[in-house]
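Step one of this worksheet: look at the structure below.
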Amino acid sequence: MNAEQILFILFGAVSLIGAIAVISFRHPIYSALSLIVTFFAQAGLFVLLGAHFVAAVQVIVYAGAIMVLFLFVIMLLNLGTLSAKGAIGTKLKGFAIILGILLAAEGIYIAVNALNDTAVASAEPAAITTTTYDIGELLFSKYLLPFEVTSLILLAALIGVIVLVKRDSEVEN
Amino acid sequence: MENFPLVLIISSIVKILIVVHLLLIGVMVMIWAERRVSGWMQDRLGPNRVGPQGLLQPIADGLKFLFKEDLIPDHVDKPLYVMAPAMLLVPALVAVAVVPFGSAITVFGHEIPLQIADINIGILYILAITSLGVYGVVLGAWASNNKYSLLGGLRSSAQMISYELTLGLGIIGILMLTSSLSLRTIAVEQGAYPWQWNFLIHFPAFLAFTTAMFAETNRLPFDLAEAEQELVAGYHTEYSSMKFAMFFMAEYMNMIVGSAVTVTLFLGGWHFFGLENMGGPVWSGLISFGIFFVKTAIFLFVFIWVRWTLPRFRYDQLMNFGWKFLLPVALTSIVVTGILWITTNSRLIVGIGNVVSAFIVVSIVASLLVMKTPKPAIQDSDNRLTPSALDAIE
């Protein structure tokens, strides 16, 4: 077992524990914090894959910006501890069980396939370090359309927020 | 080359030890300097009893913090309350890992760069790590379960998110001209002479970046998060003894790292009129470290200077300034730098274009603001003497 494998298991375990903690903590703030831990572990996995840029962006965007806003909202609304009854409605319970079974089946299917597929198991890990230059080049050539469409979605969200806020302030005046 | 990893490991450990201790000692010296300089600016003495010129005062302070009772109030959320100071201190400590503090030293035939880790996304690493500092403030504030603390934390998170944008956008002009994210490359690319350094080529971006840096460190004109007159002590109201000291240390550590990053990005790193190349393979490395050290120290003095010169912003002024002035200036500098660099390929023209365009943008924004709100501005100052945290959402 080399250092890379140990680190992979470490980051994978931390990310799984964090993900489980997100849904098991009763208090939203602790859930949000666990999610940050998961994001960090995933950034670590990206570093192991040689995708340093993606790792940094993962931390900047998710851990650094989005989760801060999450915490901000949780604090402003002053959400208390969730009660056991309120957490999952009885109607949703059946739905959740079905989804859970489906997800477990998918996971087992992928795991079995990966074990049988010797091509994947024996393939040498590609020792490529993705540079920011490569990502930029791909984004502005091969993936230009998806890139622009994504930015349009963000633009639409921005305009939506401005419209919502503007209407409120005009009513007030 | 057989034993190269061993050299790498040993040199890394030595560098980490030196840098971390320099940082911790730097914090102590900064606390002393802050009190002495503020005393000098206010025509009084400041602490001068413990040791020569009061230099041992920080040690006395530290001992006092250590021996004080570590009080944890009953009403706090204990795990987060204990964790918060560390969550602020750790990002401040690890951010320094990618800062190049000198050129390179040759020891026993091995060239050792004076930097803990030269990763190819250095500047993104700094942005990522510094953006985590806000958690310490916000969680400490929330865990204290005290309305003044919470208001401080909310103000701080809104402020940090707003100014982080300017911080990130302000450096894009530099990245375009150097086409590298590595801090070492950025420092090397700037020449030996001051007129080649980035602060002249990207002057508006430099001003925006520095201002945003002041806001990120929660220092005075921007210390809304701990405004004494309004919030007792803001987010660290409930903290005492060593936990408070950790908040305090993190602030100074952030200042030191921020100054070092600014020196690397904008003020030519360890270059100074070619002085860094004098001397042999060992001495030139040490001289370059000395130059970097002096530049950082001068910038830290500016931090103190500003704190004891400028009064605090009001909350709506803070938000208006960040979003309506700094952000447009940083955005314009990106566009102008890009267009002028591609068309003319001349740093001089880029520099002039940046200043002119920033001037135009600021005057447009200012005239728009004046035209749009002639009277509510006066009402505002009457109604918002105690700006609530809800203003932050605007």
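The values are calculated or read from the model by the stated rules, or taken from the named source; none is laboratory data. Just so you know, these numbers come straight off a predicted model, no measurement behind them. All Cβ positions, glycine included, derive from the backbone under ideal geometry; neighbour counts span all protein chains shown. With ligands, DNA and RNA removed, areas are computed over all heavy atoms of the protein, side chains included. Shrake-Rupley method; radii C 1.70, N 1.55, O 1.52, S 1.80 Å.
Can you work out the FRET efficiency for the pair A:A3 and B:S346, with r the C-beta to C-beta distance and R0 = 60 Å, to the nearest 0.05?
Once the sixth-power term is evaluated, E becomes 0.80.
In Å, the Kirkwood hydrodynamic radius of the stretch B:151-212 over pairs of distinct alpha carbons?
12.9 Å
Regarding the stretch B:33-173, what is the average projected area of its C-alpha convex hull, in nm²?
For the stretch B:33-173, the mean projected area of the Cα convex hull comes to 14.0 nm².
Which value in Å is the Kirkwood Rh of the stretch B:162-275 over different Cα pairs?
Hydrodynamic radius (Kirkwood, Cα only) of the stretch B:162-275 equals 15.6 Å.
Ignoring everything but the protein chains, give the 1.4 Å probe accessible area of B:W323 in square angstrom, nearest 10.
110 Å²
Tabulate in residue order the Karplus-calculated ³J(HN,Hα) for the stretch B:50-58, using 6.51 cos²θ - 1.76 cosθ + 1.60 with θ = phi - 60°, rounded to whole Hz; enter x for Gly and Pro.
8, x, x, 6, x, 4, 8, 3, x
Explain nothing, just the number: dipole magnitude of chain B about its Cα centre with +1 on each Lys and Arg Cβ and -1 on each Asp and Glu Cβ, in debye rounded to the nearest 20.
With only Lys, Arg, Asp and Glu charged at Cβ, the dipole is about 560 debye.
With r as the distance between the Cβ atoms of B:I10 and A:I98 and R0 = 56 Å, compute the FRET efficiency 1/(1 + (r/R0)^6) and round to 0.05.
0.45
Rounded to two decimals, what is Rg over Rh for the stretch B:302-370 when you use alpha-carbon atoms and the Kirkwood radius?
With Rh from the inverse mean 1/r over Cα pairs, Rg/Rh is 1.10.
Please give the average number of partner chain Cβ atoms lying within 10 Å of the Cβ of each residue in B:133-143, rounded to a whole number.
Averaged over the peptide's residues, the number is 3.
At a 10 angstrom cut-off on C-beta neighbours, averaged per residue, how do the peptides B:191-203, B:285-297, A:98-110 rank from highest to lowest?
Answer by packing, highest mean first, reads B:285-297, B:191-203, A:98-110.
Under the definition of partner shielding as Cβ atoms of other protein chains within 10 Å of a residue Cβ, what is the mean value for peptide B:73-86?
Whole-number average of other-chain Cβ neighbours for B:73-86 is 1.
What does the highest-first list of B:60-69, A:58-67 look like by mean Cβ count within 10 Å?
Top of the packing list down: A:58-67, B:60-69.
Need the full-extension length gain, A:I66 to A:V165, defined as separation in residues times 0.36 nm minus the C-alpha distance. One decimal, nm.
Length gained between A:I66 and A:V165: 33.6 nm.
Which value, in Å² and to the nearest 10, is the accessible area of B:E111 when all protein chains are kept and the probe is 1.4 Å?
Ignoring ligands and nucleic acids, B:E111 comes out at about 140 Å².
Beyond 17 Å, what percent of the Cα pairs of the stretch B:109-214 remain?
64 percent
So what are the radius of gyration and Dmax for the Cα set of the stretch B:226-366, in Å?
So, for the stretch B:226-366, Rg and Dmax equal 20.4, 58 Å respectively.
Going by average Cβ neighbours within 10 Å, how do the peptides B:310-317, B:13-20 rank, with the highest at the top?
Taking the mean over residues of other Cβ atoms within 10 Å, the ranking is B:310-317, B:13-20.
Under a GNM of chain B (C-alpha, springs under 10 Å), which listed residue has the highest mean-square fluctuation: B:G109, B:G26, B:G351?
It is B:G109.
Taking only DSSP H segments of four or more residues, each worth -39500 (n - 2.57), what value at 222 nm results for chain B once the sum is divided by all its residues, to the nearest 500 deg cm²/dmol?
About -21500 deg cm²/dmol.
With the contact rule set at Cα under 8 Å and sequence spacing of 6 or more, what percent relative contact order holds for chain B?
21 percent
Does chain B come out rounded, prolate or oblate, given a ≥ b ≥ c as the square roots of the eigenvalues of its C-alpha gyration tensor, rounded meaning a/c under 1.5 and, failing that, prolate meaning a/b above b/c?
Verdict is oblate for chain B.
Normalised by the empirical 2.2 N^0.38 Å for globular proteins, what value does the Cα Rg of the protein assembly as shown take?
My calculation over the Cα atoms of the protein assembly as shown gives 1.05.
Run the dipole for the stretch B:20-153 about the Cα centre, Lys and Arg Cβ at +1, Asp and Glu Cβ at -1, nothing else charged, and hand back the magnitude in debye, nearest 20.
380 debye
Between B:T106 and residues 5 or more places away or on another chain, which pairs have amide H atoms under 5 Å apart, with H built 1.01 Å from N, and which residues are they?
It is B:I112, B:V282, by chain and number.
Could you give the nm distance between label points at B:K372 and B:W308, where each point is 7 Å from its Cα heading toward the beta carbon?
Taking the two extended label points, one gets 3.9 nm.
Charges at C-beta only: +1 for Lys and Arg, -1 for Asp and Glu. How large is the resulting dipole of the protein assembly as shown about its Cα centre, in Debye rounded to 20?
Value, rounded to 20: 840 debye.
Ignore the peptide's own chain and count Cβ atoms of other chains within 10 Å of each Cβ in B:152-164; give me the average, rounded.
Across B:152-164, the average partner-chain Cβ count within 10 Å equals 2.
Among rounded, prolate and oblate, which fits the stretch B:1-75 when a ≥ b ≥ c are the square roots of the eigenvalues of its C-alpha gyration tensor, a/c under 1.5 means rounded, and a/b larger than b/c means prolate?
Verdict is oblate for the stretch B:1-75.
What accessible area, in Å² to the nearest ten, does a 1.4 Å probe give for B:R184?
40 Å²
Taking just the alpha carbons, could you work out the radius of gyration and Dmax for the stretch B:219-283, both in angstroms?
Looking at the stretch B:219-283, its Cα Rg and Dmax stand at 18.8, 57 Å.
Lys/Arg Cβ at +1, Asp/Glu Cβ at -1, dipole of the stretch B:1-72 taken about the Cα centre: which of B:A60, B:W40, B:V29 is farthest positive-ward?
Most positive-ward Cα: B:W40.
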